[in-house]
Amino acid sequence: MNNAVLAEGLAKRFGETRALDGVDLAVPAASVLGLLGPNGAGKTTAVRILATLLEPDAGHASVCGYDVVREAHRVRQLVGLTGQYASVDEMLTGAENLLLIGRLLGQSRAEAKSRAGELLARFELSDAANRAVKTYSGGMRRRLDLAASLVGRPRVLFLDEPTTGLDPRSRLDLWQIVRDLVADGVTVLLTTQYLEEADQLADQIAVVDQGRVIATGTPAQLKARTGAQPLVVRPADPADLPVVTSIMRDLTGRTPDVDTTSVTASVTDPALLPALVRRLDDAEVVVTGLALRDASLDEVFLSLTGHKLEETNTPDLERTPA
């Protein structure tokens, strides 16, 4: 399959800190690669190299067949970048921001105006086109920022944690925009700390930790790598939680997780389920929920690294200037 983005052995240091330590990535055309990892893992550094904003210390990368170092000017004509924070001018209107970018890209005034109008309509910003961006909501600013990255009709779009700080509705809106872009043939490299976001959008996922890619695959493939499925039991009476916990510990051989309403344990043998039902019946425990579900990406990350994504407090080295 043709890869729109290809990276091999990317390495980058900031002083004594190794931000990237031999990263390999491949993004097929018209697909989404989710780059998943905590702050400081190297995600933003990788994006900045691929977008020609940084040069790697080692390794090489190409976008649509053009080397990001030797042919950086060609790469810049083909890519768009939306960072973690809106980069538009708050004092200008939405229309003025897009018109300005179009003119900077060499479009005629008529072409830039037409493209701005098209994008404002696509991102449902036409009614706010002549308002200063400083009056926009957070979701509107993110949509305008994404629109700005599309003025030049990029073939490859880098989205660096694009939904940071957005409310759930705005996040869902942005997800749909990404799906629509991919349907139009745009290739997307998405960095995120939101496990659900990677699960919803990514065709392939690369898990990054401490500057290295530690696993790749589809969401389903990565979940299958844990070798276990979470079994969740919810007793009708919370007073039965200790009994359920004891039964699940006996059957699985490991200590389950317990919250205020349910007990969860990882199991590798689906045949354990009938045995659990018999034990609960013998103990006269009534349950309102009993489910054997697929592993989550959070559980995948835990199995790969030994810690959950949100428990990682790696210093944010990715904003260190080159």
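The values are calculated or read from the model by the stated rules, or taken from the named source; none is laboratory data. Since the model is a prediction, treat every value here as computed from it, not as a measurement. Positions of Cβ are backbone-derived with ideal geometry, glycine not excepted, and every protein chain shown enters the neighbour counts. What goes into the accessible areas is simple: the full protein's heavy atoms, side chains included, and nothing from ligands, DNA or RNA. Shrake-Rupley method; radii C 1.70, N 1.55, O 1.52, S 1.80 Å.
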Point-to-point label distance, LEU304-ASP127, nm (Cα→Cβ direction, 7 Å offset): 4.2
Spin-label model distance (nm) - GLU90 vs LEU292, 7 Å beyond Cα toward Cβ: 5.4
Sites SER137 and ASP259 - FRET efficiency at Förster radius 35 Å, r taken between beta-carbons, to 0.05: 0.55
Relative contact order of the chain, defined on C-alpha pairs under 8 angstrom at six or more residues apart (%): 22
Whole-number Å³ per residue for the convex hull built on Cα positions in the range 162-275: 174
The chain: mean projected area of Cα convex hull, nm²: 19.5
Mean Cβ neighbour count within 10 Å, used as a protection proxy, ranking 283-289, 220-226 highest first: 220-226, 283-289
Highest-first arrangement of 31-39, 53-61, where packing means the average Cβ count within 10 Å: 31-39, 53-61
Dipole moment magnitude, nearest 20 debye, the range 94-185 about Cα centre, only Lys, Arg, Asp, Glu C-beta charged: 200
Separation in nanometres of the label points that stand 7 Å from Cα toward Cβ, at THR268 and GLU71: 4.8
Cα-based helix-to-principal-axis angle, 168-183 vs the chain, degrees rounded to 10: 70
Tilt relative to the chain, helix 272-282 - C-alpha long axis, 0 to 90 degrees, to 10: 50
Cα centroid separation, the range 172-198 to the range 74-125 (Å): 19
Scattering curve values for the range 33-139, log₁₀ I(q)/I(0), Debye with Cα scatterers, q = 0.14, 0.24 Å⁻¹: -0.74, -1.20
Value of [θ]222 nm, deg cm²/dmol, for the chain, DSSP H segments ≥ 4, -39500 (n - 2.57) each, nearest 500: -10000 deg cm²/dmol
Debye, to nearest 20: dipole size of the chain, +1 on Lys, Arg Cβ, -1 on Asp, Glu Cβ: 1160
Accessible area (Å², per residue) of the chain, counting only protein heavy atoms and a probe of 1.4 Å: 48
Cα lying deepest toward the dipole's positive end in the chain, options PRO270, THR52, ASN3, charges on Cβ: THR52
Carbon plus sulfur fraction of accessible area for the chain, probe 1.4 Å, in percent: 48
Taking the range 20-162 and dividing mean pair separation by its residue count, relative contact order in percent (alpha carbons under 8 Å, at least six apart): 28
